[in-house]
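Coordinate-derived values only; no laboratory data. Small disclaimer: the values here were computed from a predicted structure and weren't measured. So basically every Cβ, Gly included, is an ideal-geometry build from the backbone, and we count neighbours across all protein chains shown.
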Amino acid sequence: MSNATTASHEIPAPPPPGSADVVDEMLVGLAAPPQTRRRVLNALLVTVAVTSLALAAQFRDDLVYAMSSSTPTDLGDGITAAPSPADLNRYVTLRARPSMAGAVTYSRVLAPGQHLVFPVAGRDGRPPLYVQVSDENRDVLARGEFQGRLIPFNAAGRRYANVGAFVHNRLDPRVSGTTWLLVDGARPQSMMWAPFVVTFLLALALSDLALLFRLRRPADE
C-alpha cells in the first residue's frame, strides 16, 4: 500500500456581495511597473513629435513655392521695381545692374558652392533690393536679367537671415529681415523635395502622438 498525497487546486469561491475585497498577497509582492522607463519613452515621443512639427514649419515657404506657378512675374527694371506682398515667394524676372560695392560672398553647409549677394544699383531713395547669384550662374551678371525666387531675408526657414544680418551690420543699416532678396536660378521645380519632406515630418509627428496616446490610456483609465 503506497502513501500518496493528493494536492488540492480548487479555485476559491468569490467573496459574498458587499464584503471587502481580500488583497492577494502574491500580487502585493510583485515589483512596481517601470515608471521611469515609461516616463522616458513618453518624453522621447513628445520631443520627436515637437521637433518634427517645428522642422515642417521651417519648410512651409518651400512647400508653397514648390506648388506655385512656374510662369515668372515680370518686376521690370531694378531701379524702379517695387515688389509688393503679392510677389512674396513667387517666381519673378528682374532686369538690373549689380552694385559690387555692397556685395558679399558666402557659402552654406547644405548648399555647396559660393553664392554672391549684391544690391541692385541705382535705387537711390528707394528701399534696397538684393539679388543672389551662384558661382555656376555668374554669366547672368553680364546679361543683366535675373530670374528666380523672391523672398525676404528672414523667409524660407531663415536660411538667408544671417546674410541679411551681416549686410545690415557691415554694409547697409537699411537692410532688415524684410528686405527683398531675389534668389536667381531657384525655380519652383527645384523645390519639389519640399512636399515629400513635409509629408514625412507630419506623418512622423502624428505617429508619435498616436503612440503616446495609446501608452497613456491605461494609466488614465
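Points to keep in mind about this one:
- Calculated FRET efficiency for the pair Val50/Asp172, C-beta based, R₀ 41 Å, to 0.05: 0.65
- Residues Arg216 and Val109, FRET efficiency given R0 of 41 Å [Cβ-Cβ distance, rounded to 0.05]: 0.60
- Å³ per residue enclosed by the Cα convex hull of segment 71-186: 99 Å³
- Rounded to the nearest 20 debye, the dipole size of segment 71-186 about its Cα centre is 300 debye, using +1 on the Cβ of Lys and Arg and -1 on the Cβ of Asp and Glu.
- P(r) tail fraction, segment 77-128 - alpha-carbon pairs more than 15 Å apart, %: 60 percent
- Note on Glu145/Ala57: beta-carbon distance plugged into 1/(1 + (r/R0)^6) with R0 of 41 Å gives a FRET efficiency of 0.75.
- Considering only beta bridges that DSSP places wholly inside segment 71-186, some 75 percent are antiparallel.
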